[in-house]
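The block underneath contains the structure these notes are about, expressed in structure tokens.
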Amino acid sequence: MRTGDIGEILPNGTLRVIDRITNLVKQPHGEYIELTRLEQAMQSNYLSQLFIHADPLTMMTVAIGFPQHVELIKWAKTHGFEHLSLEQLCKEEQVKTLIHDNLISTGKSNNLLENEIPKAIHLCSEHMTVENGLLTETFCTKRFAVIKQFSKEIKAMYDVI
């Protein structure tokens with residue numbers, strides 16, 4: 001039976017589901033990266049959702065960030081960007097740098113390895129939802145759907161780093 005789940009058989013013979021196979025990526029050096037663990041460890045005041053992508057052919061990760069609107073607008077007002085819409089803020093290099101630096105700091109403080117901390121970030125003003133097909137009914141990320149929707153942005157980030 002193939003369900004896409006990773007499990008372990010407990011001493012009493014029952015099966016315990018540990019994770020989803022789509023949440024693990026084997027990197028060239030042979031170690032696995034658990035993407036959901038990274039996403040949880042790198043929560044930021046500026047992001048309400050984070051999607052991390054790891055390319056199995058490189059030793060790097062990149063991120064798609066979905067800003068926390070209230071915090072980002074509050075920051076924008078104090079830094080001279082109050083005239084920009086949320087969509088425009090997501091394209092501003094200074095905003096990307098702010099959020100990326102915050103991710104790096106959070107990752108380091110949570111003892112993540114250098115190859116686990118995203119080397120680049122793309123910001124999207126529209127959050128992942130069930131309605132736009134990026135979340136399941138139980139609010140889990142549909143990884144393949146996110147990768148498909150943001151394939152150009154993901155490729156562009158890997159091309160730059």
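Helix 151-160 and the longest principal axis of the C-alpha atoms of the chain enclose an angle of approximately 80°. Restricting attention to the chain, lysine pairs at least eight places apart or on different chains and with alpha-carbon atoms under 18 angstrom apart total 15.
So what's the range 31-160 giving for Rg/Rh, alpha carbon basis, Kirkwood Rh from the mean inverse pair distance?
On the way: Rg = 14.3 Å, Rh = 15.1 Å.
When Rh is taken as the Kirkwood radius, the ratio is 0.95.
The phi-based Karplus calculation (6.51 cos²θ - 1.76 cosθ + 1.60; θ = phi - 60°) puts the 3J(HN,Hα) values of the range 76-86 at 4, 5, 8, 10, x, 10, 4, 7, 8, 6, 4 Hz, whole numbers, x for Gly and Pro. Treating only the Cβ of Lys, Arg, Asp and Glu as charged (+1, +1, -1, -1), what charge dipole size does the range 31-160 show about its Cα centre? Round to the nearest 20 debye. It works out to roughly 60 debye. With n ≥ 4 as the cut-off for DSSP H runs, can you work out [θ] at 222 nm for the chain, using -39500 (n - 2.57) per run divided by the number of residues, rounded to the nearest 500? Calculated from helices alone, the mean residue ellipticity at 222 nm is -10000 deg cm²/dmol. Among ILE161, ILE73, a tally of other beta-carbon atoms within 10 Å of each Cβ gives an order, fewest to most, of ILE161, ILE73.
Read-outs: derived from the displayed coordinates by stated rules, not from any lab. In this text the structure is predicted, and so the values were computed from the model without any measurement. Positions of Cβ are generated from backbone atoms using ideal geometry, with glycine treated the same way; all protein chains shown enter the neighbour counts.
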